[in-house]
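The values are calculated or read from the model by the stated rules, or taken from the named source; none is laboratory data. Owing to the predicted nature of the structure, the values given are computational and were not obtained by experimental measurement. Here the Cβ positions follow ideal geometry from the backbone for every residue, glycine too, while neighbour counts run over all protein chains shown. The area values use the complete protein model at the heavy-atom level, side chains included, leaving out ligands, DNA and RNA. Shrake-Rupley method; radii C 1.70, N 1.55, O 1.52, S 1.80 Å.
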Amino acid sequence: MDIAIVGAGGTIGRQIAVTLVQEGIVPATGRLQLVGRRGGASERRLPGMVSDLGDAFAERLPEVDIAFEPEDLIADLVIIAGAEEPGNARSLDRGDMARRNRPIFERYADQLANHGHGEELVLIVTNPVELGVEIFSRRLPRQRVIGMGAYLDTMRFRREIASELGVRRQDVQGLVVGEHGLAMVPCWSTVSAWGHDSEDGRERIDRLRRPHDPAPAAAWAEIQALTERAGPEAAYRRCAEFGADLRTLVKPLVTQLCGARTPLGTGQMIARLVQTILDGDLAQAAAQVRLEGEFLGITGVTGAPVVISNRGIERIEALAVSPAEEAGARAAAERSRALIAEHAP
Amino acid sequence: MRPMWVCRLRLSSANRPGVLARIAQPFAVRGLSLDEVLATECDGQPTILVKFAASQRLADHLRRRLARMPEVVAAELLTDPGRKIWEFAK
């Protein structure tokens, strides 16, 4: 499969590119297209980046193509990681992101719809990921459009659980559905871990829940204020007092606010999914998809349990979750609907 | 039945090993056979012609894909009304 990264000159896009090459996920006989924006910083940055990649990975460097126009986008697997830089680099407002990034979604979705070969797979990393999934799904078959927000949240949730149980992330199952944002829904009802099937093991998992944690919005505001007032170390210390579900939400916020952003985690997790897709394997995970009632009867875009293959969304799982999780997923879908209605009616 | 196409690729003069393999790859990964291949010169320029069957949409994708190769100066897609491949070299 030919792979393209839209926004390859950005922090996240660059890390995805480096990881794909470094780990040999794109083989030396493969092709990687790095797409930047004409007139943007990436027009100067990408040629240098390709030269640097050559120096670093000459032994395994695939054919690397640089493109700056949507018309030049040609790939089988397209990773949308481009974003318009906000005036305020720390802006995390979803409405603001939607206004800035909607044109990017539309330009590349139009291009694939009009000039693609018809079987492209699109992984959307750019936020708001729900808006991206909606815009692409209006133009391409919905099973070929995968929003990575819930996938990343799921990997983070598993990591937080694994660290408390003292096991490895790959030993933990569990999904985060809903919005890639404040309305994310970590589903404790889906959590299990290798070696924890006994009654005692289930109790250990149940003890990870913190019913007295603050509500997500309150925790978000507290951590944002603490990061700005006392710095990231104090904020991470406070995060450590929360349960795994709340940490999944607020720790990336600290990472974002302190300027480190999240390129390593995001790049690595995306690259691992790409590896699974290229290998022809199935990944059972969660992702933002356009639902037509398959999960909890929800229609519209939200994070849902899915099985991903090289054909895209192989199936959407009609997973049973707890009543509270179901209510959360419905509320998240409603928030996405409102965002889409406002920004891409 | 899928229509037949000839893709005429004009190459830069700097001949590099492996060009033909890289041209064949996007066809191979889609399970498309190359019916005929001709490496020649057109107007003094190295040229490779490949003949294959594909849908219009896929043929156009392949042309655009090949046009992005560093060695390819221009890629044209020509319909094949039964002519021999070398006739397209003229």
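A few comments on the model shown:
- Residue match in segment B:7-27 (condition: closer than 21 Å to A:Glu71 by Cβ and within 14 Å of chain A (Cβ to nearest Cβ)): yes
- Listed here are the strands (runs of 3 or more DSSP E) enclosed by segment A:2-76 that have at least 3 residues being surrounded by fewer than 22 Cβ atoms within 10 Å (Cβ to Cβ): A:63-67.
- Checked against the criterion of being surrounded by fewer than 13 Cβ atoms within 10 Å (Cβ to Cβ) and within 30 Å of A:Glu69 (Cβ to Cβ), the candidates B:Gln45, B:Gln56 yield just one match: B:Gln56.
- Listed by position, the strands (runs of 3 or more DSSP E) enclosed by segment A:240-335 include none that has at least 2 residues that are in the same structural domain as A:Val133 (by TED's automatic domain parsing) and of a type in the set (Val, Ile, Thr).
- With respect to (1) assigned by TED's automatic domain parsing to the domain that holds A:Val274; (2) at negative phi; (3) under 20 Å from the mean Cα position of the chain (by Cα), the lone exception for A:Gln143 is condition (1).
- Within segment A:152-161, being among the aliphatic types (A, V, I, L, M) and more than 9 Å from A:Ala244 (Cβ to Cβ) holds for A:Leu152, A:Met155.
- Any hit, segment A:113-122, residues being part of a helix (DSSP H, G or I), assigned by TED's automatic domain parsing to the domain that holds A:Leu73 and in contact with a Leu (Cβ under 7 Å, 6 or more places away or on another chain): yes
- The one condition in (1) open to solvent by 30 Å² or more (accessible area, probe 1.4 Å); (2) outside any loop (DSSP other than H, G, I, E, B) that A:Met155 fails to fulfil: (1)
- Filter pass, A:Asp206 being open to solvent by less than 60 Å² (accessible area, probe 1.4 Å) and farther than 19 Å from A:Arg169 by Cβ: no
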